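Structure record follows, encoded as structure tokens.
The values are calculated or read from the model by the stated rules, or taken from the named source; none is laboratory data. Since the structure is predicted, the reported quantities are computational estimates derived from the model, not experimental observations. All Cβ positions, even for glycine, are placed from backbone atoms using ideal geometry, and neighbour counts span all protein chains on display. SASA here: full protein model, heavy atoms, side chains in, ligands and nucleic acids out. Shrake-Rupley method; radii C 1.70, N 1.55, O 1.52, S 1.80 Å.
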Amino acid sequence: MKTLNIVESAYRATLEEQDDTIVWLTHAMKGAGAKIDVLMRGNAVSYVVRGQKVPPLAFGARQQRMSPRLLEDVAGLIAKGVAVYVVNEDLVERGIERTDIIDGPIPLVRSDLPELLDKYPRVWHW
Amino acid sequence: MAKTTLTFALMDPPYEDARSTTALRLVDIAARRGYNVNVFAYEGAVFLPFALQKPHANAVHGLDVEAEDHPQTREWVAALIKECERNGGRLDWLNCGLCVDERGAGDSIPGVRRGTPADLWKMAEESDNTLVIAAK
């Protein structure tokens, strides 16, 4: 059964987890054989902006070595055959141009969402 | 001139949102400046210095435990306690005892003590300022 993960809460504990928990979960489920796609909406559309980097966090002498690489993690989903949709209006509201995002995500407008959601028997809005 | 003392009241558990790291960034700045810092960990925040946190490998990243080097907030709290000491200040981290009990979060790292809401009041009274970073 096809599942659509809708990711809306972006950058939630990504420094501590060293990834986005739902992008990670999608990777894990895809690896287990799930038929699963992702819709980025709200602040999560920032995950597909090219050139983003997270500097390692340091508290006192504890230096982080593996800071999150959200863009690479999303690109990795696409490389595995996961369709990654992004809501165009959410890009526009944040001043993100189509040229700012990596190749691969599928932009769609909000009015397309009912048709998209209708294709998935399971829709999980995170 | 008297040493600056700041109190932070934290409420969020680790691994849930960005407020915990934001709070610890602020504590880190205060630590580097040699301030005295009080932290009153309330509700889920009592798990920030939980001693039984363990790192894990990350199969999605293709990394073993060592390479993934997964952060544990208990290490961050310990590092901040040391950073305060190194700069001539001190970090007094106090976990709300009732919050600890209801969560079974009694195993904290050394340097963390148990207290009550009355301690938050005392900390605030003795501080130059208090910042509440509440759960939303």
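A few remarks follow.
- All of A:ASP112, A:ASP103 fail the test of being open to solvent by 90 Å² or more (accessible area, probe 1.4 Å) and without any contact (Cβ under 8 Å) to a residue 40 or more places away in the chain, apart from A:ASP103.
- The set of residues in region B:1-17 that are open to solvent by 60 Å² or more (accessible area, probe 1.4 Å), farther than 24 Å from A:TRP126 by Cβ and in contact (Cβ under 8 Å) with a residue 12 or more places away in the chain contains only B:LYS3.
- Considering region A:63-92, and only residues there that are among the aliphatic types (A, V, I, L, M) and open to solvent by 70 Å² or more (accessible area, probe 1.4 Å), the residue that is farthest from the other protein chains (Cβ to nearest Cβ) turns out to be A:VAL92.
- All positions within region B:102-116 that are without any contact (Cβ under 8 Å) to a residue 24 or more places away in the chain and either surrounded by 13 or more Cβ atoms within 10 Å (Cβ to Cβ) or among the hydrophobic types (A, V, I, L, M, F, W, C) (or both): B:GLY106, B:ARG114, B:THR116
- The listed residues are A:ARG62, A:ARG110, and the only one of them that is basic (Lys, Arg), touching an Asp or Glu at 6+ places or on another chain (Cβ under 6 Å) and closer than 22 Å to A:THR3 by Cβ turns out to be A:ARG110.
- Selected residue [within 14 Å of chain A (Cβ to nearest Cβ), within 30 Å of A:PRO68 (Cβ to Cβ), part of a strand (DSSP E or B) and open to solvent by less than 20 Å² (accessible area, probe 1.4 Å)] from B:LEU91, B:LEU80: B:LEU91
- Residue among B:ASP101, B:ASP69 that alone is over 13 Å from the mean Cα position of the chain (by Cα) and on the phi > 0 side of the Ramachandran plot: B:ASP69
- Filter result for the condition that a residue is away from chain A (no Cβ under 11 Å) and either modelled with pLDDT of 95 or more or on the phi > 0 side of the Ramachandran plot (or both), over B:LEU48, B:LEU52: B:LEU52
- Qualifying residue in region B:50-66 (condition: farther than 11 Å from B:PHE8 by Cβ, of a type in the set (A, V, I, L, M, F, W, C) and part of a helix (DSSP H, G or I)): yes
- The one condition in (1) loosely packed, with under 14 Cβ neighbours inside 10 Å; (2) over 19 Å from A:PRO56 (Cα atoms); (3) modelled with pLDDT of 95 or more that B:ALA134 fails to fulfil: (3)
- Of note, A:VAL23 does not satisfy the criterion of being β-branched (Val, Ile, Thr) and over 19 Å from B:ALA18 (Cα atoms).
- The residue pairs whose first member lies in region A:2-22 and is assigned to a helix (DSSP H, G or I), whose second member is acidic (Asp, Glu), and whose beta carbons are closer than 6 Å, counting only pairs six or more residues apart or on different chains, are A:THR14/A:ASP20.
- Selection within region A:16-28 - crowded, with 21+ Cβ neighbours inside 10 Å and either away from every other protein chain (no Cβ under 13 Å) or among the aliphatic types (A, V, I, L, M) (or both): A:VAL23
- Restricting attention to region B:64-77, the residues that are open to solvent by 20 Å² or more (accessible area, probe 1.4 Å), facing chain A (nearest Cβ under 8 Å) and more than 20 Å from B:ALA30 (Cβ to Cβ) total 2.
- Enumeration of residues in region B:117-131 that are part of a helix (DSSP H, G or I) and open to solvent by less than 70 Å² (accessible area, probe 1.4 Å): B:ALA118, B:ASP119, B:LEU120, B:MET123, B:ALA124
- Filtered by the rule that a residue be part of a loop (DSSP other than H, G, I, E, B) and either farther than 11 Å from B:GLU83 by Cβ or in contact (Cβ under 8 Å) with a residue 60 or more places away in the chain (or both), region B:18-34 gives a lone residue, B:ALA18.
- Screening the candidates A:GLY31, A:GLY60, A:GLY42, A:GLY51 for the property of being modelled with pLDDT of 95 or more and open to solvent by less than 90 Å² (accessible area, probe 1.4 Å) yields one hit, A:GLY42.
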